[in-house]
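These notes are about the structure you will find just below.
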Amino acid sequence: MKVRTSCVGLRNLLQGLSFSVKYYSKHNHLQTVCLYSKIKPKKCHILDCSGSTCAHRTVPPGSILPWRFFSCKQEGTKIPSKRKQNTSIITSELLYKNLLKSEQENWNNISARYKAMTKRIKEKLEELHNKYTFNLGSPRIRFGENVYFEENGCVFLSKADDDEGNVDILFSTEDLGFSDAFIQRIRISPDQRYMAISLKSENSEEATCVIMKLGHFPVMEKVIPSVFSFEWATNDVLYYTSQKNLKCQNVFMTTFTNQKHTKLVYTEQDARFFVDIHCTKDRRFLTINSNSKTTSEVWLVDCRHPFKSPALVQARTKGVIYHTEHRNDELYILTTYGEPAEYKLMKAPVASSGMENWQLVYAPEKKTKLVDLEMFSDHCIMFLKNAGHLYLNVISFVSHSVQSIKLPTWACEFELESHPEHTTSTCYFQLTSPVHPPKRFAYSFKENNLIEQAVQEVPIITNCHTTRLLAKSKDETLVPITVFHNMNSKELHRKPLLVHVYGAYGIDLNMSFKEEKLMLIEEGWILAYCHVRGGGELGLSWHKDGFQHNKLKGLHDLKACIMLLHELGFSRPKYTALAAASAGGVLAGALCNTDPELIRAMVLQLKNRKNGEIH
């Protein structure tokens, strides 16, 4: 966990204090109190067209009346005619500048009252950060007795059986002039003579690939700019994709033999498609994956014959997405092909990989999302999500059986750890939630059980209760809700509630650990995450049911979720706030217009496209 996490959370919280707080008066009218403004009152002239005639009414500044036909102007200011538009624009700019200056001056005058609260919040976040920042270690890549890992911009090599902590430094961003970059990806050649590293800075969309020749004294062999993905086909043949203007359409092969050369091997002609490279778990093939939002196509590079032209798996078919893995001369294909149009696992012989030869291996149950899978020599492990619950299914290729294992109730997200050796007997992964720091788990294929790793000293969260709910939307669709609250809290109907929503692009609501969320739990808040349609929590159909002409369904889902929370005694409207980031602001803003009585405050956040930070 980087220090920046708590700083960003603190900044968001402090920024939230500088905005207006909306509340409801006893007359149920939405009103605004500006925490940093004491502007001299100006009369607001409200054009009341609720009756047969229009009449002006004078109301206190800051009031927002239920009807929408209103205008606000300074006393005595005439509405400019078309002939005076230029003068009107200049006057408006001057008024805006004066308003901004007045806001800043008055905030400086009254902000002292928030210094104590700001200090307390900052100290609390720093305390939580220090308490829950632990070193799980970066993903470790193991090749036989050698273990490669990255820490603080350096790549290290250690021995698997070395208990004394002896390591060799193979690469340092600072020593080689890349001090402003961070390490994004590491790939070791099969014979461990070369190491490819991608470096990316926060102010750039494109990465640089650095190839190091390993040995007693590692040396920089080559630098390739504007690279997106790369994989080793053999000991001295590297395939990579080039990226330009957010597009990735060319695949190159470069060799590190005595006769070094670089060759273009594939070009995607359709600008709607994005190309990347993947290596199958058994290192038998490289896959060139060309994907659009709805369609994909895969080409195979035979690692035994890396100079041969790539072979097509299945020509792109509109609306069909597929990805491939390999085992025992068969391709295992994760695809949306067939009904229902959700991800399922199929297989086909390498020699005849066309769609007509695809055979179903596994299809998840309805409303279940296949999140990810990992292929091993005798097993395939799949991570699934249903109504917010996470569980894994383990397919045995030996016994032809499927074992289903439900993961801890509190778990909301998972992350697979790197497993370069497909013959391993254990799969490692991490589980987390907004209020639970990442915790390491392992599944043993030999023992057929889930093992909780207790090697790291992580404080155990024991006072937080996790509740899963289903809200009935306007069209009777059941919408999952995940709720967290302090187990020691009494009279939950009096506690403040922070509701989260996203519902866009088929992307799941962010449920990763945040120190500021845990702070709210300790302060007595209730946190609710509404998995509305438009997101991806229940699969591809869940997204399709909530986008474009179906966008209103996401709004109905959100309303149903908040109403259910209040009905079950989780807070009240006057204690409820709604938080949304990026595209989630569409639903949040719409709810404020359609059902403002359900909430008292709202926080809209903007996600930075380059570095992913929330502002």
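Which of the GluC sites (Glu not before Pro) across the range 344-398 are loop residues per DSSP, with 15 or fewer other Cβ within 10 Å?
Hits after loop and neighbour filter: Glu365.
Sort Met511, Met117 by accessible area with a 1.4 Å probe, largest first.
Met117, Met511
Determine the equivalent ellipsoid of the range 360-419 by diagonalising the alpha-carbon gyration tensor, then write out the semi-axes as square roots of 5 times the eigenvalues, largest first, rounded to whole Å.
One finds semi-axes of 20, 14, 10 Å for the range 360-419.
Of all trypsin sites (Lys or Arg not before Pro) in the range 286-358, which ones are in loop regions per DSSP and have a Cβ with at most 14 other Cβ atoms within 10 Å?
Lys293, Arg304, Lys308, Lys318
What is the sum of charges around Thr317, taking Lys and Arg as +1, Asp and Glu as -1, for the other residues whose C-beta is under 12 Å from the C-beta of Thr317?
Around Thr317, the surrounding residues sum to 0.
Computed FRET efficiency, Cβ-Cβ of Lys247 and Ser541, R0 45 Å: what is it to the nearest 0.05?
The calculated FRET efficiency here is 0.95.
Heads up, I need the accessible area for Asp191: 1.4 angstrom probe, whole protein in place, Å², nearest 10.
About 60 Å², ignoring ligands and nucleic acids.
Over the range 341-452, what is the mean sequence separation of C-alpha contacts under 8 Å (at least six apart), divided by residue count, expressed as relative contact order in percent?
Contact order relative to length: 14 percent.
Rounded, prolate or oblate: pick one for the range 113-188, where a ≥ b ≥ c are the square roots of the eigenvalues of its C-alpha gyration tensor, a/c under 1.5 means rounded, and failing that, prolate if a/b is larger than b/c, else oblate.
Taking the square roots of the gyration eigenvalues as a ≥ b ≥ c, the range 113-188 is prolate.
How many Å² of accessible area per residue for the range 146-274, probe 1.4 Å?
On a per-residue basis, the range 146-274 sits at 51 Å².
DSSP loop trypsin sites (Lys or Arg not before Pro) in the range 146-238 with at most 15 other Cβ atoms within 10 Å of their Cβ, which ones?
Arg193
Once ligands and nucleic acids are excluded and a 1.4 Å probe is used, how much of Leu568 is accessible, expressed in Å² to the nearest 10?
Its heavy atoms expose roughly 100 Å² to the probe.
The values are calculated or read from the model by the stated rules, or taken from the named source; none is laboratory data. Keep in mind it's a predicted model, so treat the numbers as computed, not measured. Backbone-built Cβ (ideal geometry, glycine too); neighbour counts: all protein chains shown. Side chains are part of the model used for accessible areas, which takes the heavy atoms of the whole protein and leaves out ligands, DNA and RNA. Shrake-Rupley method; radii C 1.70, N 1.55, O 1.52, S 1.80 Å.
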